[in-house]
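The values are calculated or read from the model by the stated rules, or taken from the named source; none is laboratory data. Note that the coordinates shown come from a computational prediction; the quantities given were computed from them, not determined experimentally. Note that we place each Cβ from the backbone using ideal geometry, even for glycine, and neighbour counts take in every protein chain shown.
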Amino acid sequence: MRSTRRFAAFAALGLTLAACSSEAGSQAADQAESTAEVQEDVSFEPGTTMAELNEAGSITIGTKYDQPGFGLLNPQSGDPEGFDVEIAKIVAAELGIAEGDISWTETVSANREPFIQNGQVDMVVATYTINDARKQVVDFAGPYYVAGQDIMVATGNPEGIQGPEDLAGKTVCSVEGSTPAQNIRDNFPEAQLVTYDVYSKCADDLANGNVQAVTTDNVILTGLVAGNPEGFELVGNPFTEEPYGIGLELGDTEFRDFINDVLEESFEDGRWADAWDRTAGRITGEEAPEPPAVDRY
């Protein structure tokens, strides 16, 4: 049965981060076993992406490598770990592909569309917000999660930042190619925006006092705070909705429908909630929320 736990905004997550920081540090050990059971006897319509991937016995998936809880590279195994990664494994398993046959490719915010368009990856699962502009160049399955843009500041919030309106005249960091960065450009132009390719560089700048704030999706910031609870805190005032989808080649409707089917099945049979509890949930201290409704546009 579909979980009845409802989606809850992460406005109060800052209260739980200090207690969860040790969980973030031991995340790699806790994620050794995948929640994805590989389907051995599956067949697909010839000529479909599913059939091609199943026959090849392998898949290339883009994800992020610097986001605790969603996509963070394990330096020991050389593989990424997190909620996005587990969702990707569930899809691969339904194609009959084991996690050991997944080739992971780091995709930062700015290169997700080009990597899909150029065929460098078969799909992208990387805190990838579905929006109309991106739908012009890639297709999306999902959403499988809904986040919200928030702000991370130095511990004690010395600048008194409570929301995006308080960023006027402040130096704020985000990642190029992300929806949060574009939101600041479009709607809060008085903020002095600095962008990098990855959020870890923004965190370094905040720690060094080079910027007064970092802004992106709350779950991403939560992971960064968990990694440095003495130096960072979350404002806890989300001001957008960011539906995360799985990106794939534009026009591949059959593959998109297949992934949507897999997502909905994982919502109902508990695999989605298990993946959350073992990854992002260990950092946020929150149980798995109710999954969002898949948008079969």
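Just so you know, in the stretch 147-183 the residues that are among the aliphatic types (A, V, I, L, M) and under 17 Å from Thr127 (Cβ atoms) include one that is nearest to the chain's Cα centre (by Cα), and it is Ala147.
Listed residues Val235, Val172, Val138; which is at pLDDT 95 or above, farther than 30 Å from Gly270 by Cβ and buried (at least 23 other Cβ atoms within 10 Å of the Cβ)?
Result: Val172 is the single residue among Val235, Val172, Val138 that is at pLDDT 95 or above, farther than 30 Å from Gly270 by Cβ and buried (at least 23 other Cβ atoms within 10 Å of the Cβ).
For the stretch 63-91, give me each residue that is assigned to a helix (DSSP H, G or I) and not basic (Lys, Arg).
Phe83, Asp84, Val85, Glu86, Ile87, Ala88, Ile90, Val91
Residue-wise test of (1) crowded, with 21+ Cβ neighbours inside 10 Å; (2) assigned by TED's automatic domain parsing to the domain that holds Ser266.
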{"position": "Leu73", "(1), (2)": "no, yes"}
{"position": "Gln76", "(1), (2)": "no, yes"}
{"position": "Phe83", "(1), (2)": "yes, yes"}
{"position": "Ala93", "(1), (2)": "yes, yes"}
{"position": "Val108", "(1), (2)": "no, yes"}
{"position": "Val124", "(1), (2)": "yes, yes"}
{"position": "Tyr128", "(1), (2)": "yes, yes"}
{"position": "Gly156", "(1), (2)": "no, no"}
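On the given criteria, is Pro143 more than 21 Å from the chain's Cα centre (by Cα) and at pLDDT 95 or above? It is false that Pro143 is more than 21 Å from the chain's Cα centre (by Cα) and at pLDDT 95 or above. Can you find a residue in the stretch 189-212 that is polar (S, T, N, Q), crowded, with 21+ Cβ neighbours inside 10 Å and more than 15 Å from the chain's Cα centre (by Cα)? Yes, the stretch 189-212 contains at least one residue that is polar (S, T, N, Q), crowded, with 21+ Cβ neighbours inside 10 Å and more than 15 Å from the chain's Cα centre (by Cα).
Considering only residues that are closer than 24 Å to Ala126 by Cβ and either assigned to a loop (DSSP other than H, G, I, E, B) or without any contact (Cβ under 8 Å) to a residue 12 or more places away in the chain (or both), which ones fall in the stretch 40-62?
Correct list: Thr48, Glu52, Ala56, Gly57, Ser58.
Would you please list the contacts, defined by Cβ atoms under 9 Å and residues six or more apart or on different chains, that run from a residue in the stretch 280-297 that is in contact (Cβ under 8 Å) with a residue 60 or more places away in the chain and surrounded by 18 or more Cβ atoms within 10 Å (Cβ to Cβ) to a residue that is among the basic types (Lys, Arg) and part of a loop (DSSP other than H, G, I, E, B)? Listed pairs, sorted by first residue: Ala288/Arg5; Pro289/Arg5; Pro289/Arg6; Pro291/Arg2. Looking at Thr284, is it hydroxyl-bearing (Ser, Thr, Tyr) and within 28 Å of Val225 (Cβ to Cβ)? Answer is yes for this residue. Residues of the stretch 173-204 that are without any contact (Cβ under 8 Å) to a residue 24 or more places away in the chain and of a type in the set (S, T, N, Q): Gln182, Asn187, Gln192, Thr195. Here the condition is being buried (at least 18 other Cβ atoms within 10 Å of the Cβ) and assigned by TED's automatic domain parsing to the domain that holds Phe115; of Asn260, Asn218, it holds for Asn260 alone.
Restricting the stretch 269-297 to residues that are farther than 16 Å from Gly71 by Cβ and of a type in the set (Phe, Trp, Tyr) leaves a set whose member that is farthest from the chain's Cα centre (by Cα) is Tyr297. Taken together, Glu249, Glu242 contain a single residue that is acidic (Asp, Glu), under 21 Å from the mean Cα position of the chain (by Cα) and under 23 Å from Val194 (Cα atoms), which is Glu242.
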